[in-house]
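One structure below.
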Amino acid sequence: MTPDGFFVLGATHHRATLAVREKLSLNAAGLADLQAELGALDGLREYAVLSTCNRVEFYGVASSPDAVARISAAFCQRQQFDAVEFDRIRLTLRGREAVQHLLEVSAGLDSQMLGETEIFGQVKDAYASAQARGSTGPVLNRIFQKGFQAAKHVRTHTAITEGQVSVANVAVDLALTIFGSLKETRILLLGAGEIGEKTAKAFLSRGAATVTVASRRFERAMELATSLGASAMPFEQRDARMAEFDVVVCATSAPDPVVLLPVVRSAMQRRPAQPLFFIDQALPRDVEPAVAEIENVFLYNLDDLAKIAAENRAAREAEIAKCRAIVAEKADALWRQVAPQIAALAVKVDSGAASPEGPASGEAVPSPRA
């Protein structure tokens, strides 16, 4: 194992389309199964998995030169995704470049919506999950913890988070373009997760008339509706009541679409002169793409919203350069700290003091199999 034994492998919005990211996305059960499989891979000493709407990435420390290839093969087999296609779109970085990538991701510099804040929490959650599984060790612990400090520094000392950098803000501005005012606009939120909640709050803060929450867990819909001062309805009523709403925010974790073409056609027959706006924040997508072909129906997915947000990028170009300079400096300093640490682990492996299968007696290196 050499200092470049630290790596990141994955696929992101830069090369993978929304349709491809749907195929690569991991639900909770799939992620747990894959993590268990990774724990049994020879040559993988530490690992963490980051899975969001825009990326799936594996961060790890390898003591075997073919560990990354094994991860790639295991992931493609589990997702039933063509390995050759994955090789074409995948991101693979090692050593200092991998460190800088993690810092840029955490700071929101590598996001579809530049400067968005949600990714920081998602990276922290991925790290916490890996820690809980016992799959991190001295290298990943230092890199992630120092990475969080660097990301906070970037956000505090630059204006990278200013402007329309969230799905919620962009969605609300689109609705204002379509409806002119939100004073009489009725919002339906499908799904009661964090992203949907932020979007509902954004609509309410901009004067939306009403918000109704529907979730497959009705008790969760009631809980969120109460906190928002909104109303709740059973998820099963969404088709029958679709025509009552002007904006439908879709943010479920369902594996298949929950808004179907025939349902929207029927709803538009009952409101032919009124537009219906769908904001699909889900991955896999919640709304059948063909819905966009219906007259007076507007459908925007994650990629559509990101393109609109990118129009604001020019105003922050100076801040982007400032952020990247800070991140590069932090990455250099962090790499100087961890490179000897990785090299020391290599000496222990080569001398038999420790092995990929687990730490030697007294060595505080958690095994991926824990």
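Please treat every number below as a calculation from the coordinates, not as lab data. Everything quoted here is computed from the prediction, not taken from an experiment. Glycine gets a Cβ as well: all are built from the backbone with ideal geometry, and neighbour counts include every protein chain shown.
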*Which of rounded, prolate, oblate describes the stretch 41-146, given a ≥ b ≥ c as roots of the alpha-carbon gyration tensor eigenvalues and a/c under 1.5 marking rounded, otherwise prolate only if a/b is larger than b/c?*
oblate
*Express in nm, to one decimal, how much length is gained between Arg336 and Lys152 on full extension, taking 0.36 nm for each residue of separation and deducting their alpha carbon distance.*
64.2 nm
_Length released on extending from Glu295 to Ala32, taking residue separation times 0.36 nm less the Cα-Cα span_ = 90.5 nm
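Once you order the gyration tensor axes a ≥ b ≥ c over the Cα atoms, which shape class does the stretch 167-310 get: rounded for a/c under 1.5, otherwise prolate or oblate by comparing a/b with b/c?
Numbers: a/c = 1.20, a/b = 1.10, b/c = 1.10.
Here the stretch 167-310 falls in the rounded category.
What is the sum of charges around Pro272, taking Lys and Arg as +1, Asp and Glu as -1, for the other residues whose C-beta is under 12 Å from the C-beta of Pro272?
Numbers: positive: Arg265, Arg270, Arg271; negative: Glu295.
With Lys, Arg at +1 and Asp, Glu at -1, the net is +2.
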*HN-Hα J couplings of the stretch 233-238 from phi, Karplus 6.51/-1.76/1.60, θ = phi - 60°, integer Hz, Gly and Pro as x?*
9, x, 4, 5, 8, 4
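If we count every other residue with Cβ under 11 angstrom of Leu224's Cβ, Lys/Arg +1 and Asp/Glu -1, where does the sum land? Write down the numbers at each step before the final one.
Values: positive: Lys201, Arg217, Arg220; negative: Glu194, Glu197, Glu219, Glu223.
Within the 11 Å Cβ shell, the charges total -1.
Calculate the FRET efficiency for Lys124 and Lys307 from the Cβ-Cβ distance with a Förster distance of 25 Å, rounded to the nearest 0.05. Display every interim value, and only then the final one.
Values: r = 27 Å, r/R0 = 1.10.
Computed FRET efficiency for Lys124 and Lys307 comes out at 0.35.
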*How many angstrom separate the Cα center of the stretch 155-230 from the Cα center of the stretch 24-50?*
33 Å
*What ³J(HN,Hα) values, in whole Hz, does the Karplus curve 6.51 cos²θ - 1.76 cosθ + 1.60 give for the stretch 188-195 when θ = phi - 60°, with x put for Gly and Pro?*
10, 9, 9, x, 10, x, 5, 5
*Whose amide H sits under 5 Å from the amide H of Val213, counting only residues 5 or more places off or on another chain, with H placed in the peptide plane?*
Leu189, Ser231, Ala232, Met233
_Cα centroid of the stretch 288-312 to Cα centroid of the stretch 106-147, whole Å_ = 29 Å
*Ordering of 98-106, 270-278 by packing [mean C-beta count within 10 Å, highest first]*: 98-106, 270-278
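Under a Cβ-only charge scheme (Lys and Arg +1, Asp and Glu -1), can you give me the dipole magnitude of the chain about the Cα centre, in debye to the nearest 20?
Numbers: 40 positive and 44 negative charges, 122 e Å.
Computed about the Cα centre, the dipole is about 580 debye.
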*Taking amide H positions as placed in the peptide plane 1.01 Å from N, state which residues far from Glu46 in sequence (5 or more) or on other chains have amide H under 5 Å from it.*
Val61
*Scan around Phe298 for amide H atoms under 5 Å from its own, H built in the peptide plane at 1.01 Å from N, and keep only partners 5 or more places away or cross-chain.*
Leu276, Phe277, Phe278
*Points 7 angstrom from Cα along the Cβ direction at Gln77 and Ser227: gap in nanometres?*
4.1 nm
*For the stretch 116-123, take each phi angle, set θ = phi - 60°, evaluate the Karplus expression 6.51 cos²θ - 1.76 cosθ + 1.60, and give the result in whole Hz per residue in order, putting x for glycine and proline.*
4, 8, 4, 4, 4, x, 5, 5
*How much length, in nm to one decimal, is gained on full extension between Glu85 and Asp239, taken as 0.36 nm per residue of separation minus their Cα-Cα distance?*
51.7 nm
_Restricting things to Cα coordinates, could you compute the convex hull volume per residue of the chain in Å³?_
139 Å³
